[in-house]
Amino acid sequence: MPNTANTKQQVVSPNCSSVPLLASKKLQALVGRPAQANGWQPVRATEKMLFKGLTPDVVAQLQQAVRLIDGRIDAIMRAYPPAMKNRLFAMRYGTVDALKAMPVKTALCMLGLDTGQVNIKLLANLNYFGHSV
């Protein structure tokens, strides 16, 4: 005999485990809680990077360069088929991690971006993360 108190329809997300959302108090608490309540909030890459020991003008130029590099990488990746985008990108430009480890000027040139959009003199020996190369 079915339980009448449990006749509510249970919603299960296709990404969830086999435990229905309404049957788990812990999952309900996680879903009902806003992102800021648990201390985590999604932020953009340029906002979460802390460039310690750099002057504000260098930080501004580096953030501009990071936005340019990220935008170009994203545009290139979107042009490739989803299953092959990382491999095709790596064949032409190298891995994304290697590209970000090289000096900003080199990365901008490899991606075909205009180096006149940022002050290259300030970023001469810095990489994507603000570390000296």
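The values are calculated or read from the model by the stated rules, or taken from the named source; none is laboratory data. Here the structure is a predicted model, which is why all the values come from computation and not from measurement. Cβ coordinates were reconstructed from backbone atoms using ideal geometry, including for glycine residues, and neighbour counts include every protein chain displayed.
Quick notes on this one:
- Helices (runs of 4 or more DSSP H) contained in region 51-124 and holding at least 3 residues exposed (fewer than 14 other Cβ atoms within 10 Å of the Cβ): 56-79, 85-93
- Look at region 106-125: where a residue is at pLDDT 90 or above and a partner is not in a helix (DSSP H, G or I), sitting 6+ places away or on another chain with Cβ atoms under 6 Å, you get 125/132; 125/133.
- Out of 21, 62, one residue alone is of a type in the set (A, V, I, L, M, F, W, C) and either over 20 Å from residue 132 (Cβ atoms) or at pLDDT below 90 (or both). It is 21.
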